[in-house]
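As structure tokens, the structure follows; a few thoughts come after it.
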Amino acid sequence: MKAVGATLRAELVGAGGVVERNFYLTKRYIWWDLAWFFWTVANTLTIVFIAQGIESTGGQIDVNEVATSLLIGAVVWAYLGVLFEFLMETVAWERWEGTIEYTFMAPLSRAMHLAGQGLFAISYGLLRAVFLFVVCALFFDLSMPDANFFGAFVVIAIASISFIGIGVMTSVLPLISPEKGTQLGFVAQGTLLVVSGVYYPVDVLPGWMQVLAKFSPATYALEGARRAIQGGASMSELWSDIWPLLVIGAVSIPLGLWVFSRGEHYAKKHGKLKRSG
Amino acid sequence: MVQTHEAALLEAVPRRPDAAVEVRDLRKEFRRRGRKRGERRTRIALDGVSFAMERGETVAILGQNGSGKSTLVRVLSTLLLPDGGEARILGHDVVAEPRAVRRLVNRVSVEASFFKKMSAAENLGYAARYYGMTSGETRDLIPVILERVGFPAERRDEPMEALSRGMQQKVALARALLTSPVVLLLDEPTTGLDPRSKREVQEFIREIQETHDSTILLCTHDLDEAEALASRVGILDRGRLLALEPADDLRRRYEAETLEEAFFAATGRAFEAEEEDDDDREVFA
């Protein structure tokens, strides 16, 4: 029992080490982060201004409704994109810096290593998303009288787990093929962007894309966040978006860890676990 | 009962359960695409390597680039899976019990390998967490270890990229020692260093030998370094361990005056000769 406790403690300390390392890196690259944040704000504003642009050119739309919907889409995608990219770069980043062998020879379980990476990504991504939402909302006179922000937060928090599972699956790609893996990761992220209804309802997509949308956690995260913020949906009303996220999370996390362990085994068999760059 | 050829070879190597490092008939080969379409090239990196190391012993493995030194270190540090044979650290199999092995082993490689924007203290701090050491445990320990390796205290918070190769290598030694490894794997730790840094790193390895109970496997292509630091010297050539004995015995066996001559007599090749092309080195080094 004592040994189990000591192992658990060491694992938690190890996961904390991943968070600590990412914190140091964020601190060192803070000006890049600020520049990237500025770019994200500009990109989000460009998208949200589309609503006002349509009205000014004679389009008949509810500007408040469309602008809020676009803002939610941009902010939620920016958040999920951060999660995805952090996980996807778990291997690519370390391979580039040359630390990959030292990380993979440490006595930290892969699950806790990836959990540490996920935990930092969630904390960093949430903080960034809140700032993004507040800064962009200041540019528009948006009205959200019925908003259930807590409900939206719960939906996004649950979606984060599903997204981490998918991110873990894609993070293994650079382990198998150092260059092509990162490229394929971007393809996966792009696919989720186009099918998940980030800026438009999923039902405008061709039939086969709508099928793909059913498997994307971003679809339910966006739908749930919009219904909570724009429609004021209660927790019980949000259940229809929450349960698919729980199912995807319950499948994607263990599946992601299994896929990663197979990828790690392959990399160790074929000598691919080493630095590049 | 039918026994495979490989199993028979493994059984022929006597067991040494009391050894700190036990390697028996270890095999590893790599396959990669050739230059022609559809061509596959196979290179043997480790070819039936067997040896054992006592606790507290320092063994040097001499070999050219591509001889299999780094492959051996990677297998012992659980970063590569062997194709055959077995390797054990204090009785723990590197394939079946990787986590137990990882707690016992640490490594210093030819590249210092750090997050370059982070400082020495930050790099050591997060790395120690991976071994279960809390910030409370490392707060006082990191300055002490950095001081022991001769790292100036006032440069502790500078980014690694601002440090010389010699300084970075000292931090790499400190990182390895921080976790108190039972087995320390040194893979060309002084390659590319200026003479002064090289001497300082070698002096520190000597200090580790005197003050720690660590078993040290030193892979190098520096003959003087091997002889000065190790009680036994091995010659690894094209994946085969041709000899492993005290330097004096090696010279006697090959009727040579110097280790370099002994190496030539054992391998049939001059020590400086490089036979690998860059592509091979990338995969097999």
Exercise. Is there a residue in the stretch B:237-248 that is out of contact with any Gly (no Cβ under 9 Å at 6 or more places or on another chain) and outside any loop (DSSP other than H, G, I, E, B)?
Worked result: yes
Exercise. Which pairs do you get when a residue that is closer than 19 Å to A:Val82 by Cβ and in contact (Cβ under 8 Å) with a residue 60 or more places away in the chain, found in the stretch A:8-32, comes within reach of a residue that is surrounded by fewer than 17 Cβ atoms within 10 Å (Cβ to Cβ) and hydroxyl-bearing (Ser, Thr, Tyr), reach meaning Cβ atoms under 8 angstrom, with the pair 6+ apart or on two chains?
Worked result: A:Val19/A:Ser123
For this session: Filter the stretch B:85-116 down to residues that are part of a helix (DSSP H, G or I) and buried (at least 23 other Cβ atoms within 10 Å of the Cβ) and give me whichever is farthest from the other protein chains (Cβ to nearest Cβ).
Result: B:Val101
For this session: Tally the residues that are more than 30 Å from B:Asp213 (Cβ to Cβ) and not in a strand (DSSP E or B), restricting the search to the stretch B:20-44.
Result: 6
For this session: Consider A:Leu132 carefully, then state whether it is away from chain B (no Cβ under 14 Å), out of contact with any helix residue (DSSP H, G or I) (no Cβ under 8 Å at 6 or more places or on another chain) and not hydroxyl-bearing (Ser, Thr, Tyr).
Result: no
Exercise. Among helices (runs of 4 or more DSSP H) lying entirely in the stretch B:117-225, which contain 3 or more residues that are surrounded by 20 or more Cβ atoms within 10 Å (Cβ to Cβ), within 14 Å of chain A (Cβ to nearest Cβ) and not charged (D, E, K, R)?
Worked result: B:120-129, B:165-178
Problem set entry | Filtered residues of the stretch A:87-133 (kept if among the hydrophobic types (A, V, I, L, M, F, W, C) and not in a helix (DSSP H, G or I)) | A:Met105, A:Ala106, A:Leu108
Problem set entry | Which listed residue is closer than 17 Å to A:Leu34 by Cα and among the aromatic types (Phe, Trp, Tyr), from A:Phe120, A:Phe133, A:Phe84 | A:Phe133
For this session: Answer with yes or no whether B:Leu80 is facing another protein chain (nearest Cβ under 9 Å) and in contact with a helix residue (DSSP H, G or I) (Cβ under 9 Å, 6 or more places away or on another chain).
Result: yes
Exercise. If you check A:Thr191 against the conditions, is it touching a residue at least 24 places away in the same chain (Cβ under 8 Å) and polar (S, T, N, Q)?
Worked result: no
Problem set entry | Residue in the stretch B:135-153 that is in contact with a Lys or Arg (Cβ under 9 Å, 6 or more places away or on another chain), free of Cβ contacts under 8 Å to residues at least 40 places away in the same chain, under 27 Å from A:Arg9 (Cβ atoms) and among the polar types (S, T, N, Q) present | yes
Problem set entry | In the stretch B:45-71, the residues that are among the aliphatic types (A, V, I, L, M), within 14 Å of chain A (Cβ to nearest Cβ) and touching a Leu at 6+ places or on another chain (Cβ under 6 Å) | B:Leu46
Exercise. What are the pairs, 6+ residues apart or on separate chains, where a residue within the stretch B:95-122 that is at positive phi has its Cβ under 8 Å from a residue that is assigned to a loop (DSSP other than H, G, I, E, B)?
Worked result: B:Ser113/A:Gly98; B:Ser113/A:Thr99; B:Ser113/A:Arg275
Exercise. Would you pick out the residues in the stretch A:71-98 that are of a type in the set (Val, Ile, Thr) and without any contact (Cβ under 8 Å) to a residue 60 or more places away in the chain?
Worked result: A:Val82
Exercise. Where in the stretch A:170-277 are the helices (runs of 4 or more DSSP H), entirely inside, with at least 1 residues that are over 30 Å from A:Asn64 (Cα atoms), at pLDDT 90 or above and under 18 Å from the mean Cα position of the chain (by Cα)?
Worked result: A:235-270
Problem set entry | Test set (1) at pLDDT 90 or above; (2) more than 14 Å from chain A (Cβ to nearest Cβ); (3) in contact with a helix residue (DSSP H, G or I) (Cβ under 8 Å, 6 or more places away or on another chain) - B:Gln3 fails condition number | (1)
Problem set entry | Breaking point among (1) more than 28 Å from A:Leu114 (Cβ to Cβ); (2) in a loop (DSSP other than H, G, I, E, B); (3) in contact (Cβ under 8 Å) with a residue 40 or more places away in the chain, for A:Cys136 | (2)
Problem set entry | Among the residues listed as A:Leu34, A:Leu12, A:Leu83, A:Leu25, the single one being within 30 Å of A:Asp141 (Cα to Cα), in a helix (DSSP H, G or I) and either in contact with a helix residue (DSSP H, G or I) (Cβ under 9 Å, 6 or more places away or on another chain) or facing another protein chain (nearest Cβ under 9 Å) (or both) | A:Leu83
Exercise. Picking from A:Ile248, A:Ile229, A:Ile253, which residue would you name as being aliphatic (A, V, I, L, M), surrounded by 13 or more Cβ atoms within 10 Å (Cβ to Cβ) and closer than 22 Å to A:Ala92 by Cβ?
Worked result: A:Ile253
Problem set entry | Answer from A:Thr103, A:Thr68 - the residue that is buried (at least 21 other Cβ atoms within 10 Å of the Cβ), touching a residue at least 60 places away in the same chain (Cβ under 8 Å), out of contact with any Gly (no Cβ under 9 Å at 6 or more places or on another chain) and polar (S, T, N, Q) | A:Thr68
Problem set entry | Every residue from the stretch A:174-226 that is of a type in the set (Lys, Arg) and surrounded by fewer than 17 Cβ atoms within 10 Å (Cβ to Cβ) | A:Lys180, A:Lys214
For this session: Output yes when any residue across the stretch A:115-129 is without any contact (Cβ under 8 Å) to a residue 24 or more places away in the chain and of a type outside the set (Gly, Ala, Ser), and no when none is.
Result: yes
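The values are calculated or read from the model by the stated rules, or taken from the named source; none is laboratory data. Please read all numbers here as calculations on a predicted model, not as lab measurements. Virtual Cβ from ideal backbone geometry, glycine too; neighbours counted across all protein chains shown.
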